[in-house]
Number of protein chains: 4
Amino acid sequence: MATVKQSSNRSFSWQVRVYYEDTDAGGVVYHSQYLNFMERARTEWLRQLGFEQTYLRDEQNVVIVVYSAQLDFKKPAKFNDLLTITSEVVKIGRSSFEVAQTITIESTILVQGLVKLACVNPHTFRPVAIPSEIITKMEQL
Amino acid sequence: MATVKQSSNRSFSWQVRVYYEDTDAGGVVYHSQYLNFMERARTEWLRQLGFEQTYLRDEQNVVIVVYSAQLDFKKPAKFNDLLTITSEVVKIGRSSFEVAQTITIESTILVQGLVKLACVNPHTFRPVAIPSEIITKMEQL
Amino acid sequence: MATVKQSSNRSFSWQVRVYYEDTDAGGVVYHSQYLNFMERARTEWLRQLGFEQTYLRDEQNVVIVVYSAQLDFKKPAKFNDLLTITSEVVKIGRSSFEVAQTITIESTILVQGLVKLACVNPHTFRPVAIPSEIITKMEQL
Amino acid sequence: MATVKQSSNRSFSWQVRVYYEDTDAGGVVYHSQYLNFMERARTEWLRQLGFEQTYLRDEQNVVIVVYSAQLDFKKPAKFNDLLTITSEVVKIGRSSFEVAQTITIESTILVQGLVKLACVNPHTFRPVAIPSEIITKMEQL
């Protein structure tokens, strides 16, 4: 279950269902799993902008890697919850950009994150410029 | 990205997108991850039948556990693939049932599985009868 | 925490600690996670025989993939349990072999599995012969 | 493979082997997996201090949850790497404490993290005081 929700100009929303695989014996979503949810949302945001990451990797020689993440876990998500993840680009550099992401359930904020990403060459892991077509799309947001 | 696809009387289809988290350094989906995909599909099949597992656990004192799985990995799924998982109940007992599951991409079979499930008490893990309302729904399939 | 335990001629034992990441909201180890534990044990068994999988992949052009798994989940493992995984080669073919694996805690069997593995080329995923040095070692068991 | 390495007064080291399950199709460890490695190291550090988390949960009614994490991913770890995770308590409050953690391979820093943890009641998730026996042990570090 995951559909595109209404998005403002600058933010993109994506829904993720919590399955047993995402939870731990504390009865809640295991903390590192929120990073996975956030990457799913960024992947779908790029897809909505028109960029398949397989295209970026295979045709443009670019993969996008996380080089920093700041996460604040405010309330736990539970099994079967339907979470909404909002993603907003807050900074764009030459080869890196930053995305503020929030995980909510019925307007209660569960997790807030700031994820810093870099475009790198898939073979050398060296930084490369963000493809100009992505920059253009991001600046239209 | 995951929507209900056309289902025959007796089978239910669910789509799952492959993200980086699902893959390994061999470039393909890590083998145990297919069991997770299969559980997502069974969860959504139960939901479509009208059964939230939180309701089953909290109101009916029933959780559904896997007690056996036979998996045949025929071809690998890759990053960004959109997989279809079909699930079909092939046997119903008093406290257990069996689901044949197939993971395909564009009609190519990647993984075939037979998953045997039991209804158990969430506290004692002892077998309990499948709730009659589920039996009724399954037999209507 | 994971050390080599006494092994008989034909079987290899490896210990795995259960962390929160391995469990689910049912309070027990999530079922697909046992496949991960089994692969850890096979990896360490190969290492003990003298084969690093990075060497096999980079020098011998061989990766080992799971093409079939039969799993019987008998009793659940719980958070903080120290599990013992035994692995025994039960069949050796030209490009494939089968390993019987058992996960126990204090001599209680929790999970039994039969995992069928194939040697494949890392680029084409086509079957290749098991490296003769591995065959030799396996037959010495 | 995971053994206690020499630890200074105030820091604890723990080794973790990278298996296929930890990697992604980029050929490196998937970024959220480092949070799992860090929790394994904290769990073993607590165990070395004399505290099983099952004891804390069942006898003391205390579980330890992550409420904030700052992660800097500097270099990628790869399949089969043997990583060392060092953990050092840098701040102790009434119900919360902070641990600086570093993941290295052969003295190269791969990941640096600051993880903030809180002691909570396992049923209400409300903050409770850090058990005094843990405080005592931490202050002896």
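The values are calculated or read from the model by the stated rules, or taken from the named source; none is laboratory data. Predicted model only: the values in this text are computed from it and were never measured. Don't worry about glycine lacking a Cβ; one is built from the backbone with ideal geometry, like all the others, and counts go over all protein chains shown. Please note that ligands, DNA and RNA were not included when accessible areas were found on the heavy atoms of the full protein model with its side chains. Shrake-Rupley method; radii C 1.70, N 1.55, O 1.52, S 1.80 Å.
In a reduced charge model with +1 at each Lys and Arg Cβ and -1 at each Asp and Glu Cβ, chain C shows a dipole moment near 260 debye about its Cα centre. For C:Lys74, a cut-off of 30 angstrom between C-alpha atoms picks up these lysines, skipping any fewer than 8 places away in its own chain: A:Lys78, B:Lys74, B:Lys75, B:Lys91, B:Lys116, B:Lys137, C:Lys5, C:Lys91, C:Lys116. Counting, for every residue in A:51-58, the Cβ atoms of other protein chains within 10 Å of its Cβ and taking the mean gives 2. Along the axis of the charge dipole computed for the stretch B:2-139 (Cβ charges of +1 for Lys and Arg, -1 for Asp and Glu, origin at the Cα centre), the listed residues B:His31, B:Thr136, B:Val120 are led at the positive end by B:Thr136.
In this calculation the C-beta distance from C:Leu82 to C:Arg10 is compared with R0 = 22 Å, giving a FRET efficiency of 0.40.
Considering all C-alpha pairs of the protein assembly as shown, those separated by over 43 Å amount to 16%. Peptide C:14-24 has a mean of 6 when you count, residue by residue, the C-beta atoms of other protein chains within 10 Å of its C-beta. What is the list of residues in the stretch C:51-87 whose amide nitrogen lies under 17 Å from a point 7 angstrom out from the Cα of B:Ser95, following Cα to Cβ? Backbone N within reach: C:73-76. For chain D, which span is the longest to avoid every loop-located (per DSSP) member of GluC sites (Glu not before Pro) having at most 16 other Cβ atoms inside 10 Å? No qualifying site falls inside D:53-105, the longest such stretch. For the stretch A:1-103, the list of chymotrypsin sites (Phe, Trp or Tyr not before Pro) that fall in a loop by DSSP and count at most 13 other C-beta atoms within 10 angstrom is empty. Between copies, C:Lys78 shows label-point distances of 2.1, 4.2, 4.5 nm, shortest first, with the point placed 7 angstrom from Cα along Cα to C-beta. Sorted shortest first, the distances from the C:His123 label point to those of the same residue in the other copies are 1.2, 6.1, 6.2 nm; each point sits 7 Å from Cα along Cα-to-Cβ.
Position D:Leu141: other-copy label points at 3.8, 4.1, 5.1 nm, ordered by increasing distance, label point 7 Å along Cα→C-beta. Cα centroids of the stretch C:65-141 and the stretch D:16-32: 20 Å apart. Between beta-carbons, use under 13 Å as the cut-off and find the net charge around A:Leu46, counting Lys and Arg +1, Asp and Glu -1. The answer is +2. The candidates A:Ile85, C:Ile92, C:Ile135, arranged from most to least accessible area with a 1.4 Å probe in the full protein assembly, appear as C:Ile92, C:Ile135, A:Ile85. Under a no-solvent Debye model with one identical scatterer per Cα of chain A, what's log10 I(q)/I(0) at q = 0.15, 0.21 Å⁻¹? Treating every Cα as an identical point scatterer, log10 I(q)/I(0) equals -0.75, -1.28.
Using only atoms on other chains, find how many Cβ atoms lie within 10 Å of each Cβ of peptide D:76-82 and report the average. Per residue, the average neighbour count from other chains is 3.
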